[in-house]
Amino acid sequence: MSGDRGGVVRSLRRFQQRVEPTAVRILLLVIFVTGLTAQFVAPLGDALDGKTFLGGALLSLVAFILYEAVKELTAVSRLPARVEANSRNLGAFVADAFESRLVEISFSGYTGETLFNELYHRLERLAEAPGPTRRVTVRMIVPDFSLPMHVPSRVGADGVAEDAPEFRRRIERKCQEYDQILSDLATGVTRLGHVEVRCEYRVLSGPPLQKLCIFNRKRVLHGLYDLSSRMSLQEEYYDPKGYDTDLTVLAAERRPEDEPAVGMWVKHFDDLWELVAQAPAWRRPAAA
């Protein structure tokens, strides 16, 4: 029952997010037009006490013009006051990022599953209610699971990490599925003509040491994976649990002292993307 109630609440919130901006704008315009009309149509002016209503009309026009700015300030105010967040809270950061006209979300880490889930629902909504968003760029860097790895891996005798090809391929298929779903969504939304969306995965050799999320090049979340975390299937595996990772929050638009660190992380990711990361095996052309 609690799960059903949670689903209803989320549906109502999504409906509110779609309808609220349009409803507020329409209401403000109706007040303005009615007040302005009252100045020239005597019966209506007498009924509304025209002079007083003119002031209300002008205020509604100012509110209409400033509505987007107010929304942006509200989004900023929703930032957590603390400088720590949990990976399970990524939804709030994704939602805030999509309040912008140009959205850029970058990720480097294990599989990106927690971020994928939030992005999937957000991109789906763009088809129905794009809001202010006009361009979305999503860049995801994950480990190259086609190569032997110490983590993720099988837990061997005395806790020694042993490469587990089948387990690696299982995780690789999951990342491939995320890539395909986001790419298909991006193509579908872009085809509608309201928003241009691009989503791309690249891979990096080596284990997933840290989780890094960058939102609109202004907000950075980063933390270290627990490499010794284990998961039991038919065997026991070292498997970093990204959704349990605690993240440090850097917010340049709210805390000026964070700007240098944000700039450093943004440059670090750009360098990884351009100089080190490569197309994943599932995107590479087959050898002749």
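Output yes when any residue across the stretch 134-152 is closer than 22 Å to residue 277 by Cα, without any contact (Cβ under 8 Å) to a residue 40 or more places away in the chain, touching a Phe, Trp or Tyr at 6+ places or on another chain (Cβ under 7 Å) and not small (Gly, Ala, Ser), and no when none is. No.
Could you tell me whether residue 184 is of a type in the set (Asp, Glu) and either part of a loop (DSSP other than H, G, I, E, B) or surrounded by 20 or more Cβ atoms within 10 Å (Cβ to Cβ) (or both)? So residue 184 fails the test. The residue that is surrounded by the most Cβ atoms within 10 Å (Cβ to Cβ), among those in the stretch 207-219 that are assigned to a strand (DSSP E or B) and touching a Ser or Thr at 6+ places or on another chain (Cβ under 9 Å), is 213.
Scoring residue 257 on the criteria (1) over 27 Å from residue 165 (Cα atoms); (2) within 18 Å of the chain's Cα centre (by Cα) leaves a single failure, condition (2).
Listed here are the residues, each with its yes/no results for (1) surrounded by 15 or more Cβ atoms within 10 Å (Cβ to Cβ); (2) in a helix (DSSP H, G or I); (3) among the small types (Gly, Ala, Ser).
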site	(1), (2), (3)
240	yes, no, no
249	yes, no, no
254	yes, no, no
257	no, yes, no
262	yes, yes, no
267	no, yes, no
272	yes, yes, no
275	no, yes, no
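For residue 142, state whether it is under 12 Å from the mean Cα position of the chain (by Cα), of a type in the set (Val, Ile, Thr) and either modelled with pLDDT of 85 or more or surrounded by 13 or more Cβ atoms within 10 Å (Cβ to Cβ) (or both). Criteria not met by residue 142.
Taking the numbered list (1) touching a Lys or Arg at 6+ places or on another chain (Cβ under 9 Å); (2) modelled with pLDDT under 95; (3) aliphatic (A, V, I, L, M) in turn, residue 197 passes all entries but (2). Filtering the stretch 232-265 to residues that are farther than 20 Å from residue 91 by Cα, in contact (Cβ under 8 Å) with a residue 60 or more places away in the chain and in contact with a strand residue (DSSP E or B) (Cβ under 8 Å, 6 or more places away or on another chain) leaves 235, 236, 237, 238, 239. Please determine whether any residue of the stretch 220-232 is in contact with a His (Cβ under 6 Å, 6 or more places away or on another chain), under 19 Å from residue 103 (Cα atoms), part of a strand (DSSP E or B) and among the aliphatic types (A, V, I, L, M). No, the stretch 220-232 has no match at all.
The values are calculated or read from the model by the stated rules, or taken from the named source; none is laboratory data. Treat the numbers as computed from the prediction; the structure is a model and nothing was measured. Cβ coordinates were reconstructed from backbone atoms using ideal geometry, including for glycine residues, and neighbour counts include every protein chain displayed.
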